[in-house]
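S.K.: Just dropping this structure here.
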Amino acid sequence: MDDYRPYNPYAEDPQPPKRSEKPEKKRGIAGYFLAGLSGVLVGALLLWFMMPSLQSALPNNGTRTAGNITQTEQVSTEVTTDITSAVEKTSAAVVGITNLQEVNNFWSSEQSGEQEAGTGSGVIYKVEGDRAFIVTNHHVVDGANSIEVTLAGGKKVSAELVGSDVWTDLAVLEMDATDVETVIEFGDSDALTQGEPVIAIGNPLGLDFFGSVTTGILSGKERVIPVDLNEDGQQDWQTEVLQTDAAINPGNSGGALINIAGQLIGINSMKISTTTVEGIGLAIPINSAIPIIEDLEQNGEVKRPTMGVTLVDVEQVPSFHQQETLKLPEDITTGVVVDEVIDNSPAAAAGMQQYDVIVELDGEKVENMLDLRQYLYTEKEVGDTMDVKVYRQGEIVEFTLELTDNNAL
């Protein structure tokens, strides 16, 4: 008979029940697969429910999701650099210059009128009272019947030519200052360092590209460029210029070359343009331009010293006349021939004669008219005395003459 054991939760089971000795059956491959798949589905559902809260916690990356469409938001960024600051400070002082010339129109009943002959750039450098003064290139305003200035805001103002100088290719204009917003500050072109950044501002190819800005570096200082002013194939002058690789194109002439501080360091003047040359722009150094600007503003012209003669290079004289007419020694093949002595001139007063051959000025050798002009116009002033050495019929003759104003003869 079995022992009777009523249920007693507090009674200790003297012997735990034995495990079945029969081994469990191993779970099949299908069972593992279904269990794994269930886990994946549960995890995906949890991630889907949590996604909105995760998106709100992430930083804004400029995109926005609406349904299944991702939109990119526009982000505005204001960039300020030394270049943008210099341009902002300076650009309103750079203007457009339109050269208006009178033309005859055969097909028009009026038979005449003014039309645009060319455009360039200019720089407002001074306001005095109700008048503003602009510096530009001589070749920009050469031959103009009237001149029109286009301001940064697009307004057009009539301007008057104060003075112009062909030798330095500089001109000064004057106009009403009512709408002038700013004037440029002069820098020091002698203090420039080769390789420092420079900025060109002007109107390349006309007013459609008004106020264009190009950047580069100062490629070279104290470059000397020969210039043929009367287009006769002979060099008449040597212009000192700054060289830059900032793009300078037709229409930039007369515009500003500035440094990183927004100061005017040069007047853009020309470029060397051939199929084998790239990136050579030229500007007149402001330190060379300032005395010319002051002369033009005060006198309407540049007063330069003169001897009172007309000249011809010895190299242009046939060898027969070098020997028979001028009587030059065989070893003298350079110099400048006095073709004519002007009455009442310093040369006439000193006793200079036709066919004298100038070979030295103040002890400096003179080989041609270019040398003579460079020395006379850059080293001497009106009222200075100058020692001149010449060959006259094969003999050395020396003079001392007092230079006078070239406009006084």
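The values are calculated or read from the model by the stated rules, or taken from the named source; none is laboratory data. Bear in mind the structure is a predicted one, so any value in this text is a computation, not a measurement. Backbone-built Cβ (ideal geometry, glycine too); neighbour counts: all protein chains shown. What goes into the accessible areas is simple: the full protein's heavy atoms, side chains included, and nothing from ligands, DNA or RNA. Shrake-Rupley method; radii C 1.70, N 1.55, O 1.52, S 1.80 Å.
S.K.: Inspect segment 381-390 for any residue being among the polar types (S, T, N, Q) and without any contact (Cβ under 8 Å) to a residue 12 or more places away in the chain and give the result as yes or no.
M.R.: The answer is no, given that none of the residues of segment 381-390 is among the polar types (S, T, N, Q) and without any contact (Cβ under 8 Å) to a residue 12 or more places away in the chain.
S.K.: Moving to a separate point now. All but one of (1) touching a Gly at 6+ places or on another chain (Cβ under 7 Å); (2) surrounded by 22 or more Cβ atoms within 10 Å (Cβ to Cβ) hold for VAL241; which doesn't?
M.R.: Condition not satisfied by VAL241: (1).
S.K.: Out of the residues in segment 135-147 that are more than 22 Å from the chain's Cα centre (by Cα) and assigned to a strand (DSSP E or B), state the one that is farthest from ASN287 (Cα to Cα).
M.R.: Out of the qualifying residues, it is SER146.
S.K.: Also, quick follow-up: Here is a list of conditions, (1) touching a Leu at 6+ places or on another chain (Cβ under 6 Å); (2) within 16 Å of GLN322 (Cβ to Cβ); (3) modelled with pLDDT under 95, and ASN368 meets all of them except one; can you say which number that is?
M.R.: So the condition that ASN368 fails would be (1).
S.K.: Could you please find all residues in segment 125-144 being within 17 Å of ASP165 (Cα to Cα) and surrounded by fewer than 18 Cβ atoms within 10 Å (Cβ to Cβ)?
M.R.: Listed by number, the residues that qualify are ASP142, GLY143.
S.K.: Looking only at residues that are open to solvent by less than 10 Å² (accessible area, probe 1.4 Å) and over 15 Å from ILE124 (Cβ atoms) in segment 185-204, which one is nearest to the chain's Cα centre (by Cα)?
M.R.: ALA200
S.K.: Considering only segment 189-207, how many residues are under 22 Å from THR136 (Cα atoms) and either out of contact with any Phe, Trp or Tyr (no Cβ under 8 Å at 6 or more places or on another chain) or of a type in the set (D, E, K, R) (or both)?
M.R.: 12
S.K.: Consider only pairs whose beta carbons are under 8 Å apart and that are at least six residues apart or on different chains; among these, list those whose first residue lies in segment 345-360 and is among the hydroxyl-bearing types (Ser, Thr, Tyr) and whose second residue is surrounded by 18 or more Cβ atoms within 10 Å (Cβ to Cβ).
M.R.: Taking only residues 6 or more apart or on different chains, the pairs are SER345/THR306; SER345/MET307; SER345/GLY308; SER345/VAL309; SER345/THR404; TYR355/LEU326; TYR355/VAL337; TYR355/VAL338.
S.K.: OK, next. Quick check on this structure: which one of GLU160, GLU181 is open to solvent by 60 Å² or more (accessible area, probe 1.4 Å) and either in contact with an Asp or Glu (Cβ under 7 Å, 6 or more places away or on another chain) or among the hydroxyl-bearing types (Ser, Thr, Tyr) (or both)?
M.R.: Every option except GLU160 fails the conditions.
S.K.: Okay, next question. From GLY211, GLY122, which residue is within 17 Å of GLY96 (Cβ to Cβ), surrounded by 14 or more Cβ atoms within 10 Å (Cβ to Cβ), modelled with pLDDT of 95 or more and in contact with a helix residue (DSSP H, G or I) (Cβ under 8 Å, 6 or more places away or on another chain)?
M.R.: Just a single option satisfies the conditions, and that option is GLY122.
S.K.: Mind counting the residues in segment 349-375 that are over 46 Å from the mean Cα position of the chain (by Cα) and either within 22 Å of GLN235 (Cβ to Cβ) or outside any loop (DSSP other than H, G, I, E, B) (or both)?
M.R.: Residues in segment 349-375 being over 46 Å from the mean Cα position of the chain (by Cα) and either within 22 Å of GLN235 (Cβ to Cβ) or outside any loop (DSSP other than H, G, I, E, B) (or both): 2 in total.
S.K.: Take VAL341 and decide whether it is under 46 Å from the mean Cα position of the chain (by Cα) and closer than 21 Å to GLN235 by Cα.
M.R.: When the stated conditions are applied, VAL341 does not pass them.
S.K.: Right, next: Kindly establish whether SER91 is outside any strand (DSSP E or B) and under 21 Å from ALA256 (Cα atoms).
M.R.: Answer is yes for this residue.
S.K.: Sticking with this structure for a sec: Among the listed residues VAL357, VAL366, VAL390, VAL397, identify the single one that is closer than 18 Å to VAL312 by Cα, among the β-branched types (Val, Ile, Thr) and out of contact with any helix residue (DSSP H, G or I) (no Cβ under 8 Å at 6 or more places or on another chain).
M.R.: VAL390
S.K.: Moving on to the next point. Determine if segment 167-175 includes at least one residue that is under 21 Å from ILE286 (Cβ atoms), among the hydroxyl-bearing types (Ser, Thr, Tyr), surrounded by 14 or more Cβ atoms within 10 Å (Cβ to Cβ) and touching a residue at least 24 places away in the same chain (Cβ under 8 Å).
M.R.: Checking segment 167-175: at least one residue is under 21 Å from ILE286 (Cβ atoms), among the hydroxyl-bearing types (Ser, Thr, Tyr), surrounded by 14 or more Cβ atoms within 10 Å (Cβ to Cβ) and touching a residue at least 24 places away in the same chain (Cβ under 8 Å).
S.K.: Let me ask another. If I ask for residues that are open to solvent by less than 40 Å² (accessible area, probe 1.4 Å), out of contact with any Lys or Arg (no Cβ under 9 Å at 6 or more places or on another chain) and under 19 Å from TYR375 (Cα atoms), which ones from segment 285-310 would you list?
M.R.: ALA289, ILE292, VAL302, THR306, MET307, GLY308, VAL309
S.K.: How many residues does segment 376-388 contain that are buried (at least 19 other Cβ atoms within 10 Å of the Cβ) and part of a strand (DSSP E or B)?
M.R.: The number of residues fulfilling the criteria is 2.
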